[in-house]
Amino acid sequence: MMHMDEAEADPQSRPERTARRVPDRDSTPVGPTRGDASVDSALRRNGWGFADSGFYANAEGVAGFNGGRYPLGGSTFPELLAWMEGALGTRLDQRERHEFAYPPRVPPPLTDPSLIADLKTILAEEQLCTDSLVRLRHGHGHALEEIYAINYVQLSRVPDLVVYPSTEQAVVELVAVARRHNACLVPYGGGTNVSKSLACPPAERRLIVSVDMSRLNKILWIDPVNRTASIQAGAVGCAIQDELKRHGFTLGHEPDSSEFSTLGGWIATLASGMKRSRYGNIEDLVLDMRVATSLGAVSRQSAGPRESAGIDVRQCMFGSEGTLGIITGAVVRLFPTPTIQRHDSIVFPTFEDGFAFLYAMRDEASPPASMRLLDNAQFQLGLALRPVASGLLHRLRRIRNSAIARLHHIDPEQGVLCTLLYEGTRQEVALQRKSVRKASRRFRGLHAGAANGRRGYELTYTIAYLRDFALTFHIVADSFETSVSWSRALAMCTEVKARIRAEFERLALPGRPLVACRITQIYGTGVCVYFYLAFHHATLADPVAVFSHLESCARAEVIRCGGSISHHHGIGKIRAEFLPSVLSPAAVEFASRVKQAVDPDNVFGIDNQRVAVPQAPETLG
Ligand SMILES: Cc1cc2nc3c(=O)[nH]c(=O)nc-3n(C[C@H](O)[C@H](O)[C@H](O)COP(=O)(O)OP(=O)(O)OC[C@H]3O[C@@H](n4cnc5c(N)ncnc54)[C@H](O)[C@@H]3O)c2cc1C
């Protein structure tokens, strides 16, 4: 609760200012406007990120990172490929690269002249696109299976048409037109999902229209008194943050995909950002939303701080993954921009020590905005991604570090790293630091400094490019995540890793799997854990099928160990098969009936979260 003297010190908090809702520079557009050639060409179409950024290997077999957008840009990493070889038990041969064969064949579009004629009453000609590569890009996200397919195989079904509405009203009308013409609509945010939630159902015979939300990218207003903002759904994360910062605010929602993912996508997938401990998850930040559905526009008169107003339609939209309607905008909570932001890092002798440290931190009233615990394999990958350091200085640093490490009983094959981000006022950051230092001492933590912490967070954005690079060395890799109670988390981490290794061995696959994990969020009741799996597949005919099988085994093990089906990536098509094992039949039926009732013609027919109906005994065989 804010005290009077604090209220006086903060002019924005005086209630009489409430009436002066501040229109923010006539709705500032934030983020890229796709469909515009200069913006589209900056983005890589067949993999992650910007076209001018990415890993490469030179003729001498040294890896490096291109481009000037990230701190690691222009660096080389002499140890990266050797580390990958060791971790995967294989040789990575420069002469045998598995180069991308993009673009694949793209299925021709279905056409419907009467639908197009009606769409043209709402949208201009240039807001409709049938270009094959644009349609292809709108038919997938970033799941391994999808990136592999577009670069080495093909997608059997992609949208027939991509449209770029620029007003919320146009989206509402679009839905009515689609319903009238029996077309299928698929909302498209940043295309960053990893759950195959944009993958078009191969059997869909209707015309599929991808509704690209990138032109609905405006901050409509900022209300500094009540700390809220109304933002359109296609606005991209980093751009929202930059614009709010200019007004002294932050949303505090920063998923690792922030450069490309959108507000609408976050709501539709129930996303979680790295600073959840301080600001909350997306469901904590959204006060209200506007949605274009088959029944019409869903909206409310106002967004109170909290309401008891019967069945809450907003709750249905969280995690709806494009199946119930198109989110066109939302009112979100804001926080003052933190006055201080500091990084930190701590090395612990074992994963268990680091985990005990996190557990000790769970009840802190003012926790760091982010704490991430990397297991030994991830820690080592981070070290392998160190750019060239100058000879003598580098060697001295290594000797010194290893001496300190010995003193603290840190074995390079066991040690783990916790990276931290403190945010807030000067006093809050001082408090956060103090509690971290106190708890880390109890669990043999060795402070590794701000620079290593900052590097960890900087790596977040560049490491996202690593998977595409690895693919060209015949390595398949992906991550999956879960949430689990504190009491079951450590056992789950161990058992999931063991399950993958055992299955890998049983199938007599080549080399060895790289299985790593990290804890990225902590709650009073448990943690969010990310697992990473990679293996070298040179001799396998269908590496993606093998990968999916291993991931399914791992997911089954996660659930057996008490983990959730997903903490924030969602269900899409990848995890739908597991819904019946975590929900009662009535719960599955309930969700399916909601869908049928609010979208009776299945306009939003992207088929996410669909549980295969078990066949009746007489139809089997
Ligand atoms: C490198 C990388 C890092 C990631 N890090 C994180 C992370 O830290 N935290 C996290 O939560 N996720 C993360 N993700 C996953 C992904 O970024 C999130 O799921 C994100 O919320 C998807 O947003 P998007 O705008 O890209 O949606 P899209 O991928 O375009 O769409 C995802 C689903 O949402 C639907 N959808 C999109 N927009 C709308 C709308 N306006 N209305 C209705 N439905 C809509 C789509 O139809 C689809 O079903 C990461 C992914 C990658 C590849």
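Is it fair to say residue 217 is under 25 Å from the mean Cα position of the chain (by Cα) and surrounded by fewer than 24 Cβ atoms within 10 Å (Cβ to Cβ)? Steps first, answer last, please.
Working: under 25 Å from the mean Cα position of the chain (by Cα): yes; surrounded by fewer than 24 Cβ atoms within 10 Å (Cβ to Cβ): no.
The answer is no for residue 217.
In this entry, residue 202 passes the filter for residues that are more than 8 Å from the ligand (Cβ to nearest atom) and surrounded by fewer than 24 Cβ atoms within 10 Å (Cβ to Cβ). All of (1) away from the ligand (no atom under 11 Å from the Cβ); (2) touching an Asp or Glu at 6+ places or on another chain (Cβ under 9 Å); (3) within 26 Å of residue 608 (Cα to Cα); (4) of a type in the set (A, V, I, L, M) hold for residue 176 with one exception: (2).
If the condition is being under 12 Å from the mean Cα position of the chain (by Cα) and within 26 Å of residue 177 (Cα to Cα), then region 269-296 contributes only 269.
Any chance region 215-224 includes a residue that's farther than 24 Å from residue 125 by Cβ, assigned to a loop (DSSP other than H, G, I, E, B) and away from the ligand (no atom under 15 Å from the Cβ)? Explain how you work it out, then say what you get.
Step one: filter region 215-224 for residues farther than 24 Å from residue 125 by Cβ, giving 219-224.
Keeping just the survivors that are assigned to a loop (DSSP other than H, G, I, E, B) gives 224.
From what is left, the residues that are away from the ligand (no atom under 15 Å from the Cβ) are 224.
Yes - at least one qualifying residue is present in region 215-224.
With respect to residue 182, is the statement that it is assigned to a loop (DSSP other than H, G, I, E, B) and away from the ligand (no atom under 13 Å from the Cβ) true? Explain how you work it out, then say what you get.
Values: assigned to a loop (DSSP other than H, G, I, E, B): yes; away from the ligand (no atom under 13 Å from the Cβ): yes.
It is true that residue 182 is assigned to a loop (DSSP other than H, G, I, E, B) and away from the ligand (no atom under 13 Å from the Cβ).
Could you give every pair whose Cβ atoms fall below 9 Å, whose first residue belongs to region 301-325 and is over 13 Å from residue 291 (Cβ atoms), and whose second residue is in a loop (DSSP other than H, G, I, E, B) and away from the ligand (no atom under 16 Å from the Cβ), counting only separations of at least 6 or pairs across chains? Close Cβ pairs (under 9 Å, with a partner that is in a loop (DSSP other than H, G, I, E, B) and away from the ligand (no atom under 16 Å from the Cβ)) amount to 305/226; 307/300; 309/300.
Can you spot a residue in region 261-276 that is surrounded by fewer than 20 Cβ atoms within 10 Å (Cβ to Cβ) and of a type in the set (D, E, K, R)? No: region 261-276 contains no residue that is surrounded by fewer than 20 Cβ atoms within 10 Å (Cβ to Cβ) and of a type in the set (D, E, K, R).
Identify, please: which residue in region 227-283 is part of a strand (DSSP E or B) and closer than 20 Å to residue 327 by Cα and is, among those, nearest to the ligand (Cβ to nearest atom)?
First pass over region 227-283, keeping only residues part of a strand (DSSP E or B): 228-232, 236, 249-250, 262.
Next, from what is left, pick out any that are closer than 20 Å to residue 327 by Cα: 228-232, 236, 262.
Working: 228: 19, 229: 17, 230: 15, 231: 11, 232: 9, 236: 8, 262: 4 Å.
Applying the filter and picking the extreme gives 262.
Taken over region 443-488, the criterion of being touching a strand residue (DSSP E or B) at 6+ places or on another chain (Cβ under 7 Å), part of a loop (DSSP other than H, G, I, E, B) and away from the ligand (no atom under 14 Å from the Cβ) is satisfied by 443, 444, 445, 448, 474.
Which of the residues belonging to region 539-592 are buried (at least 21 other Cβ atoms within 10 Å of the Cβ), in a loop (DSSP other than H, G, I, E, B) and of a type in the set (A, V, I, L, M, F, W, C)? Within region 539-592, 571, 574 meet the criteria.
Restrict the check to region 300-312 and report whether at least one residue is within 24 Å of residue 177 (Cα to Cα) and within 15 Å of the ligand (Cβ to nearest atom). Don't jump to the end; show me each part of the working.
Applying the first criterion (within 24 Å of residue 177 (Cα to Cα)) to region 300-312 yields 300.
Subsequent filtering for residues that are within 15 Å of the ligand (Cβ to nearest atom) retains none.
No, because not a single residue in region 300-312 is within 24 Å of residue 177 (Cα to Cα) and within 15 Å of the ligand (Cβ to nearest atom).
Filter region 110-132 for residues that are outside any loop (DSSP other than H, G, I, E, B) and in contact with a Phe, Trp or Tyr (Cβ under 9 Å, 6 or more places away or on another chain); which is surrounded by the fewest Cβ atoms within 10 Å (Cβ to Cβ)? Checking each candidate, the answer is 126. When the residues of region 56-96 are filtered to those that are touching an Asp or Glu at 6+ places or on another chain (Cβ under 8 Å) and within 16 Å of the ligand (Cβ to nearest atom), the one that is modelled with the lowest pLDDT is 72.
Taken over region 407-440, the criterion of being surrounded by 13 or more Cβ atoms within 10 Å (Cβ to Cβ) and part of a helix (DSSP H, G or I) is satisfied by 428, 429, 430, 431, 432, 433, 435, 436, 437, 439, 440.
How many residues are of a type outside the set (Val, Ile, Thr) and more than 26 Å from the chain's Cα centre (by Cα) if we restrict to region 333-356? Give the steps one after another, and end with the answer.
Step one: of region 333-356, the residues of a type outside the set (Val, Ile, Thr) are 333-336, 338, 341-345, 348-349, 351-356.
Right, trim to more than 26 Å from the chain's Cα centre (by Cα) and you get 348-349, 352-353, 356.
Of the residues in that region, 5 qualify.
Which one is modelled with the lowest pLDDT among residues in region 25-41 that are small (Gly, Ala, Ser) and surrounded by 13 or more Cβ atoms within 10 Å (Cβ to Cβ)?
Initially, region 25-41 is screened for residues small (Gly, Ala, Ser), giving 27, 31, 35, 37-38, 41.
Going one step further and asking which of them are surrounded by 13 or more Cβ atoms within 10 Å (Cβ to Cβ), we end up with 27, 31, 35.
Numbers: 27: 61, 31: 64, 35: 64.
Across region 25-41, the extreme among qualifying residues is 27.
Beta carbons closer than 6 Å, at least 6 apart along the sequence or on distinct chains, pair a first residue in region 457-475 that is closer than 20 Å to residue 519 by Cα and touching a residue at least 24 places away in the same chain (Cβ under 8 Å) with a second that is assigned to a loop (DSSP other than H, G, I, E, B) and within 12 Å of the ligand (Cβ to nearest atom) for 460/256; 464/48. Among the residues of region 186-215, write down those that are in contact with an Asp or Glu (Cβ under 7 Å, 6 or more places away or on another chain) and not β-branched (Val, Ile, Thr). Passing the criteria: 188, 196, 197, 199, 201, 207. Step by step: first the residues of region 313-328, then only those that are more than 19 Å from the chain's Cα centre (by Cα) and more than 9 Å from the ligand (Cβ to nearest atom), then the one that is surrounded by the most Cβ atoms within 10 Å (Cβ to Cβ). Which residue is that? So the residue we want is 314. Per the conditions (1) touching a strand residue (DSSP E or B) at 6+ places or on another chain (Cβ under 9 Å); (2) away from the ligand (no atom under 15 Å from the Cβ); (3) among the β-branched types (Val, Ile, Thr), the sole criterion not satisfied by residue 332 is (2).
The values are calculated or read from the model by the stated rules, or taken from the named source; none is laboratory data. If you're wondering where the values come from, they're calculated on a predicted model, not measured in any experiment. Note that each Cβ is placed from the backbone with ideal geometry, even for glycine, and that neighbours are counted across all protein chains shown.
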